[in-house]
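The values are calculated or read from the model by the stated rules, or taken from the named source; none is laboratory data. This one's a predicted model, so the numbers in the text were calculated from it and none came from an experiment. In this analysis, Cβ positions are derived from the backbone assuming ideal geometry, glycine residues included, and neighbour counts consider all displayed protein chains. Just the protein is used for accessible areas: all its heavy atoms, side chains included, with ligands, DNA and RNA removed. Shrake-Rupley method; radii C 1.70, N 1.55, O 1.52, S 1.80 Å.
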Amino acid sequence: GAGVSQTPSNKVTEKGKYVELRCDPISGHTALYWYRQSLGQGPEFLIYFQGTGAADDSGLPNDRFFAVRPEGSVSTLKIQRTERGDSAVYLCASSLTGQGATFFGQGTRLTVV
Amino acid sequence: TQLLEQSPQFLSIQEGENLTVYCNSSSVFSSLQWYRQEPGEGPVLLVTVVTGGEVKKLKRLTFQFGDARKDSSLHITAAQPGDTGLYLCAGGSSGSARQLTFGSGTQLTVLP
């Protein structure tokens, strides 16, 4: 596609529920990143994929968070047993090789009530 | 842990004024990127600087990377209402990790 696409744009879920957030990167981009942005803050790194593998998952806050990219294109961020503190905008980004310009999607606003 | 501090946090100016925002760290970065983010959107890359002392100009915007690659500044000349937005700096590190470390941003409002 022309840009990084994220779905849904908004997600409201109840505490304790499971959610999946989807990212469709720019076609041909091998590098894919997930970031989380809380209100009034800059984005915070979660995980980086190079192709199908997670090259760096050091930013995942705990084992309730997991991300996959099985075919090296679309990625899904999965959050189990959601907590109110998980509420934030989850941003996906991609770049051609992992170096150079990084392009962000519009984000998914997750609200846990 | 690498941290980037941006100042000021908020800036409100009149159209036509000049301004400078700062991005500072105690850590050395291999590259420094500046983004602008509008409400409900993801950050949009403005520029990448990689060499200490480098200066890049993008129309009315001038970006500078410090000699020691620990700090950067963004200067806007004759600001316009369309410049309104959240300006974020992000540092990149060499090595295997490709994550960016973001500052908390400067919220700029340019009043007509």
Rounded to whole Hz, the Karplus (6.51, -1.76, 1.60) HN-Hα couplings of segment B:36-47, x for glycine and proline: 10, 10, 10, x, x, 10, x, x, 10, 5, 9, 7
Equivalent ellipsoid semi-axes - Cα gyration tensor, segment A:45-100, angstrom: 21, 12, 10
Calculated P(r) of chain A - Cα pairs past 18 Å, %: 43
Relative contact order, percent, chain A [alpha-carbon distance under 8 Å, six or more residues apart]: 37
Partners for B:K56 among aspartates and glutamates (Cα-Cα distance below 15 Å; same-chain residues under 8 apart left out): B:D67, B:D71
Extension gain, B:S30 back to B:L58 (0.36 nm per residue minus Cα-Cα distance, nm): 8.0 nm
Centroid-to-centroid separation of segment B:7-74 and segment A:42-84 [C-alpha atoms, Å]: 28
Stokes-Einstein D (µm²/s) once Rh is taken as the Kirkwood radius of the protein assembly as shown over alpha-carbon pairs, at 25 °C in 0.890 mPa s: 136
Sparsely packed chymotrypsin sites (Phe, Trp or Tyr not before Pro) within segment A:14-44, loop by DSSP, other Cβ within 10 Å at most 12: A:Y18
Residue-level accessible surface for B:S12, protein heavy atoms, 1.4 Å, Å²: 80
Most positive-pole-ward Cα, A:G3, A:Q80, A:Q106, against dipole of chain A from beta carbon charges: A:Q80
Quarter of the Cα convex hull surface for chain B, i.e. its orientation-mean projected area (nm²): 6.7
Accessible surface buried upon B-A contact (total; probe 1.4 Å; Å², nearest 100): 1400
Estimated dipole of the protein assembly as shown in Debye, rounded to 20 [Cβ of Lys and Arg +1, of Asp and Glu -1, Cα centre]: 260
Descending principal axes extents, segment B:59-112, alpha-carbon based, whole Å: 45, 21, 16
Pairwise FRET efficiency - A:A2 versus B:D67, Cβ, R0 = 35 Å, nearest 0.05: 0.35
